[in-house]
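K.L.:
Take this structure first; my questions come after.
Coordinate-derived values only; no laboratory data. This is a predicted model, so every value here is computed, not measured. Every residue, glycine among them, receives a Cβ derived from its backbone with ideal geometry; neighbour counts consider all protein chains shown.
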Amino acid sequence: MQDVLADRLGIAVSRGLLGLGCAHRANLAERLAITLSDEDGGVAGALSGEVLGRELGLSRAAVHKHIEQLRALGVGVESAAGAGYRLTRSFADLVAAETALPYVLRSMDAGAPWSAGLPYHYIPSCDSTNRVLKRKAASSPAGTVVVTDEQTSGRGRLGRTWVSGPKKDLTFSVLLHPDVAPARAHLLSLAGALAVAEVLESLPGLEGSVGIKWPNDVLLGGEKVCGVLLEGSMDPDRIEWAVAGIGLNVNSLPDALVGGLPVEQASRACEWRGKPRPTSLRAALGRDLARAPLLARLLARLTERWSGLDDVAVLEGLRERDMLAGRRVTVLSGPPRDEPVLSGEALGIGAEGQLLIRDPSGKTVAVFAGDVTVREAGGDL
Ligand code: BTN
């Protein structure tokens, strides 16, 4: 497995998708991870700077320098007297490039023309990963990802705010250069929500509890666990680029979030009224989840869903998970006014990804944008 990683890191470096220093550190972290799994837990599992240097083609001084950089990223490495370096705890929850790339590169399809996750830009804190990536979009390759541990001014759909728990959740944006007509752009965000739902329902303990609320809220037991925000630049004939931002509540406590808004702001604006309450994977599972392997699985599935975007398969996947079909709903215009635009029965998702609603006169109306609330006793979504 170590060889697979070394090969993939080498290929990424040779294609200019990854810096050499980062590749060395990812290799080092991975090599040290093997010592952590030593049963005796003693210094016998430590690796000397000399051995690490020989295996990775580095001088002992270079090994030392890279280890210091790994420590600065939060990787727990101790120097065992006379024996070398040893990892003190797993780094699976860290999403810095050095620690996430071993997972990301292993889950990639090596033969795919592009993959979400490379180049991988980790920023400890930023205003919004969508904003950061939009600035790089015209000059970056498809697949470029921006991941942060703290988003200070996250953007949600319809001008809303999105709040993620610092170092708790997954907050990232992926760059696409899709070969898709502008009229089909919204299918990219629907496909994104579907990919997230598919990964979540494959996690032990979450089977059967994942759904999608049109257009792209991913729900867990009827509560919102993930949102997708697609932004882009297009002319009438083609999409120049699209940035898909994904916020997934992983280990945060849902009480701190209300529909992606800070509690105090939500109660002031009543913006969450009738919308799904927030939840997190931790709330559903009763335990923390390691973020890096989860991110790797998400990126791999997102790549599959976005590559050669298959409308029919995406719509089928959405219909299977549609939480609105058959329910009485109201479509709202979105902030600041959040006015009701239409009420009726949700009939399902149409051939172009639109929400179909039967209005009170019996006419079927297609809705292409907006926010939907469920109008049933005890049935808020
Ligand atoms: C929604 O309103 O449901 C969409 C929320 C999207 C949030 C994500 S978090 C990463 C990316 N950066 C942002 O500023 N927003 C998206």
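K.L.:
Report the Rg/Rh value for the stretch 312-353, based on alpha-carbon coordinates and the Kirkwood definition of Rh.
P.N.:
That ratio is 1.07, to two decimals.
K.L.:
What nm distance separates the two modelled labels at Thr152 and Val312, each placed 7 Å from Cα along Cα→Cβ?
P.N.:
With each label placed 7 Å out from Cα toward Cβ, I get 4.9 nm.
K.L.:
Oh, and also: To the nearest Å, what is the center-to-center distance of the stretch 288-340 and the stretch 139-198, using C-alpha atoms only?
P.N.:
Here the two parts' Cα centres lie 11 Å apart.
K.L.:
Now for a different question. Any chance you could run the full-extension gain for Thr364 through Lys65? It's 0.36 nm times the residue separation minus the Cα-Cα distance, nm to one decimal.
P.N.:
Between Thr364 and Lys65, full extension yields 101.1 nm more.
K.L.:
Over all directions, average the projected area of the Cα convex hull of the stretch 2-87 and note it in nm².
P.N.:
5.5
K.L.:
Also, I was wondering about something else. Within 12 Å, Cβ to Cβ, of Val95, how many net charges do the neighbouring residues add up to if Lys/Arg are +1 and Asp/Glu are -1?
P.N.:
-2
K.L.:
Can you give me the three principal axis dimensions of the stretch 97-320 from its C-alpha atoms, in Å, biggest first?
P.N.:
Projected onto its principal axes, the Cα set of the stretch 97-320 covers 42, 38, 37 Å.
K.L.:
If you average the sequence gap of Cα pairs under 8 Å that are 6 or more apart and divide by the length of the stretch 1-155, what percent do you get for the contact order?
P.N.:
Relative contact order for the stretch 1-155 comes out at 21 percent.
K.L.:
How big is the chain on each of its three principal axes, counting only the C-alpha atoms and giving the largest first in Å?
P.N.:
Principal axes ranked by extent give 81, 44, 33 Å for the Cα atoms.
K.L.:
In Å, what Rg and Dmax follow from the Cα atoms of the stretch 70-197?
P.N.:
Spelled out, the Cα radius of gyration and Dmax of the stretch 70-197 are 17.2, 64 Å.
K.L.:
Please report, in debye to the nearest 20, how large the charge dipole of the chain is about its Cα centre when each Lys and Arg carries +1 at its beta carbon and each Asp and Glu carries -1 there.
P.N.:
640
K.L.:
For the stretch 328-380, what is the convex hull volume of the alpha-carbon atoms per residue, in Å³?
P.N.:
Dividing the Cα hull volume of the stretch 328-380 by its residue count gives 77 Å³.
K.L.:
Can you tell me, using C-alpha contacts under 8 Å and at least 6 residues apart, the relative contact order of the chain as a whole percent?
P.N.:
13
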